[in-house]
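The values are calculated or read from the model by the stated rules, or taken from the named source; none is laboratory data. Remember, it's a predicted structure, so these values are computed and weren't measured experimentally. Note that we place each Cβ from the backbone using ideal geometry, even for glycine, and neighbour counts take in every protein chain shown. The accessibility values were calculated without ligands, DNA or RNA, using every heavy atom of the protein model including side chains. Shrake-Rupley method; radii C 1.70, N 1.55, O 1.52, S 1.80 Å.
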Amino acid sequence: MTSLPGRPVQGLLSLRKGRPRFLQGRRRVLATSVHEAGIIYRVSMLILNKTAGVFFKPSKRKLYDFLRSFNFHPGKVFLHKLVLGIETSCDDTAAAVVDETGNVLGEAIHSQTEVHLKTGGIIPPVAQQLHRENIQRIVQEALSLSKVSPSELSAIATTIKPGLALSLGVGLSFSLQLVDQFKKPFIPIHHMEAHALTIRLTNKVEFPFLVLLISGGHCLLALVRGVSDFLLLGKSLDIAPGDMLDKVARRLSLIKHPECSTMSGGKAIEHLAKQGNKLHFDFKPPMQRAKNCDFSFSGLQHVIDKTIMQKEIEEGIEKGQILSSAADIAAAVQHTIACHIAKRTHRAILFCKQRNLLSQSNAVLVVSGGVASNLYIRKALEIITDATQCTLLCPPPRLCTDNGVMIAWNGVERLRAGLGILYDTEGIRYEPKCPLGVDISKEVGDAAIKVPRLKMKI
């Protein structure tokens with residue numbers, strides 16, 4: 001076969017009697033023409049569609065357009081490692097291709113928010129079905145935008161823990177079939193680790209640093225000493241802050257509010273709080289006497305539910321109608337949550353500095369997760385970092401919520417460090433519940449650090 005300058009195709013196929021045959025070894029061949037490039041792409045996409053359980057035969061026009069989008073230019077060679085990240089831990093189907101320098105080559109996401117807003121919360125079997133319907137399209141879209149074929153990937157990274165069991169299962173099953181078909185290494189990803197390391201994609205942050213992860217399903221404080229080296233300082237003992245905000249929004253029936261009808265619960269609370277007076281309701285932050293870094297939100301939610309019920313009686317309205325004081329309640333709830341999170345974080349910073357786990361002068365606090373996009377909570381945390389001479393860093397809002405980029409980047413970090421790269425996926429399972437790192441929260445509680453009172457003027 002005459003070789004022309006072209007893009008190397010690693011271990012994908014050879015041509016025998018005009019028919020493609022997959023190579024099991026590491027032999028490299030060159031795409032000698034656009035025709036061969038077309039064969040390579042068609043075989044790759046056929047496998048992607050077979051993986052999703054759907055076969056299709058692209059038209060010549062569609063194939064031509066797709067080949068053009070892939071830019072099969074002579075001499076084009078990817079010099080960096082490429083990782084495909086797949087995320088299905090909750091209600092977002094996401095995928096992205098990221099290279100080892102941090103360039104996001106392509107990403108795609110399908111959000112289920114609109115569906116779950118109508119049902120008043122995430123119903124796991126519904127989330128599972130929506131993942132199944134969209135995962136093949138999302139992965140294919142991410143690869144198409146990146147102009148990378150599956151054969152050129154260095155590895156496939158996928159969230160396998162923690163999360164909704166039915167959702168995790170869809171991503172893992174799809175990924176393992178891709179891994180098997182394309183003979184790629186597999187990198188299982190811890191969802192919280194991915195959130196914690198995202199900041200290293202967007203900013204130059206060295207280890208160690210403190211991370212606060214706050215979302216709809218998680219709330220924790222951890223010291224990040226390395227790619228997979230975490231010390232857990234504290235976590236929520238019950239529900240997560242995002243979950244609480246969603247429940248309060250539903251109890252206030254904010255989906256019926258003309259300004260909030262298309263917003264998630266947390267976004268609706270943040271939006272409405274701007275119009276309210278936080279001083280009209282006096283909700284006490286939880287766990288004020290506990291000198292540790294753990295969180296609690298269920299007790300506060302119970303108090304808020306009772307308050308809403310009482311106001312409904314006072315205003316003479318039925319459950320499901322919007323209270324005239326809804327904005328004031330939203331403002332008071334947001335402020336109380338912000339103060340609770342800020343105080344626990346303040347103690348974590350003091351503990352780490354006391355034990356010389358963080359630098360005394362240029363320590364970094366990273367805040368990530370869906371709730372990290374709440375600007376009011378960020379301002380509360382800025383008060384803490386200013387008082388403790390720390391730098392507060394947050395990924396951009398689109399990378400705070402679940403996404404494929406953070407999974408791919410976590411894969412890149414592990415690939416570079418040589419950690420958790422599997423060449424044999426036999427026995428790999430998803431884990432709906434899984435702690436992060438080594439739990440030293442008891443040691444934090446035993447230290448009983450008293451936190452100085454700060455004025456939370458936000």
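Within region 381-396, the set of residues being buried (at least 16 other Cβ atoms within 10 Å of the Cβ) and β-branched (V, I, T) comprises I383, I384, T385, T388.
When region 151-190 is filtered for residues that are in contact with a Pro (Cβ under 6 Å, 6 or more places away or on another chain) and either surrounded by 24 or more Cβ atoms within 10 Å (Cβ to Cβ) or within 18 Å of D424 (Cα to Cα) (or both), the ones remaining, listed by number, are A155, I160, F182. Listed by first and then second residue, the pairs with beta-carbon distance under 6 Å, at least 6 apart or on different chains, first residue in region 338-358 and in contact (Cβ under 8 Å) with a residue 12 or more places away in the chain, second surrounded by fewer than 22 Cβ atoms within 10 Å (Cβ to Cβ) and hydroxyl-bearing (S, T, Y), are A338/Y376; I349/T388.
Counting only residues that are more than 20 Å from D294 (Cβ to Cβ) and not hydrophobic (A, V, I, L, M, F, W, C), region 416-458 holds 14 of them.
If you check P241 against the conditions, is it modelled with pLDDT of 95 or more and crowded, with 24+ Cβ neighbours inside 10 Å? Answer is yes for this residue. Do we find that V303 is open to solvent by 50 Å² or more (accessible area, probe 1.4 Å) and closer than 20 Å to V248 by Cα in this structure? Answer is yes for this residue. Cβ-Cβ distances below 6 Å connect the following pairs, each with a first residue in region 297-318 that is among the aliphatic types (A, V, I, L, M), a second residue that is open to solvent by less than 100 Å² (accessible area, probe 1.4 Å) and assigned to a loop (DSSP other than H, G, I, E, B), and a separation of six or more residues or different chains: L300/P286.
The number of residues in region 293-312 that are of a type in the set (D, E) and within 30 Å of I440 (Cβ to Cβ) comes to 1. For V148, the conditions (1) in a helix (DSSP H, G or I); (2) out of contact with any helix residue (DSSP H, G or I) (no Cβ under 6 Å at 6 or more places or on another chain); (3) open to solvent by less than 20 Å² (accessible area, probe 1.4 Å); (4) farther than 30 Å from T388 by Cα all hold with the exception of (1). Of all residues in region 353-367, those being of a type in the set (A, V, I, L, M, F, W, C) and surrounded by fewer than 24 Cβ atoms within 10 Å (Cβ to Cβ) number 4. Residue selection: R347 satisfies the criterion of being at pLDDT 95 or above, in a helix (DSSP H, G or I), open to solvent by less than 10 Å² (accessible area, probe 1.4 Å) and of a type in the set (K, R).
Among the numbered conditions (1) without any contact (Cβ under 8 Å) to a residue 60 or more places away in the chain; (2) assigned to a loop (DSSP other than H, G, I, E, B), tell me where D386 comes up short. Among (1) without any contact (Cβ under 8 Å) to a residue 60 or more places away in the chain; (2) assigned to a loop (DSSP other than H, G, I, E, B), D386 violates only (2).
Applying the condition of being of a type in the set (D, E, K, R) and within 15 Å of the chain's Cα centre (by Cα) to region 89-132 and asking which residue is farthest from L164 (Cα to Cα) yields E107. Restricting region 80-131 to residues that are among the aliphatic types (A, V, I, L, M) and assigned to a helix (DSSP H, G or I) leaves a set whose member that is least open to solvent (accessible area, probe 1.4 Å) is A127.
A quick yes/no check of all residues on (1) in contact with a His (Cβ under 7 Å, 6 or more places away or on another chain); (2) surrounded by fewer than 17 Cβ atoms within 10 Å (Cβ to Cβ); (3) not charged (D, E, K, R):
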residue: V371; (1), (2), (3): no, no, yes
residue: K379; (1), (2), (3): no, yes, no
residue: R398; (1), (2), (3): no, yes, no
residue: V405; (1), (2), (3): no, no, yes
residue: G411; (1), (2), (3): no, no, yes
residue: A417; (1), (2), (3): no, yes, yes
residue: R429; (1), (2), (3): no, yes, no
